[in-house]
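In what follows, a single structure is set out as structure tokens and then discussed.
The values are calculated or read from the model by the stated rules, or taken from the named source; none is laboratory data. Nothing here was measured: the structure is a model prediction, and the numbers come from that model. Quick reminder, even Gly has a Cβ in these numbers, built from the backbone with ideal geometry, and neighbours come from all protein chains shown. Surface accessibility is based on the protein's heavy atoms, side chains included, excluding ligands, DNA and RNA. Shrake-Rupley method; radii C 1.70, N 1.55, O 1.52, S 1.80 Å.
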Amino acid sequence: ARSLHITCEAIDLFDPEGELDDWCMSHLQDLQDCALYLEHPAATKGWCHLQIRAPRSGKRVFYP
């Protein structure tokens with residue numbers, strides 16, 4: 001019920017090899033420029049989770 005996916009503030013992208021996660025982790029300034037936050041790749045094996053609402057921690061890359 002509290003999922004940001006429901007309000008279109010988050011998306012999970014199929015990323016079986018972790019290539020998108022790798023790109024995001026090496027381009028954090030680009031994520032910041034686009035106001036995007038990334039769930040840490042260690043917590044999202046097989047997909048890349050991006051959201052536009054800052055997590056409670058306020059960190060650009062965060063653990064759920």
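Worth a mention:
- Charge dipole magnitude, Cβ of K and R +1, D and E -1 - the chain, Cα centre, debye nearest 20: 480
- Computed log10 I(q)/I(0) for the chain at 0.15, 0.29 Å⁻¹: -0.40, -1.41, from the Debye equation with unit scatterers placed on every C-alpha and solvent omitted.
- With protein chains left intact and a 1.4 Å probe, residues in the chain average 69 Å² of accessible area per residue.
- Between residue 62 and 38, 39, 40, the built amide H atoms are under 5 Å apart, and every one of these is 5 or more places off in sequence or on another chain.
- Residues with amide H under 5 Å from that of residue 47, placed H, sequence gap 5 or more: 15
- With contacts taken as Cα pairs under 8 Å at a separation of at least 6 residues, the chain carries a relative contact order of 38 percent.
- Sum of -39500 (n - 2.57) over DSSP H runs of 4+, divided by residues of the chain (222 nm, nearest 500): -5500 deg cm²/dmol
- Separation in nanometres of the label points that stand 7 Å from Cα toward Cβ, at residue 33 and residue 54: 2.1
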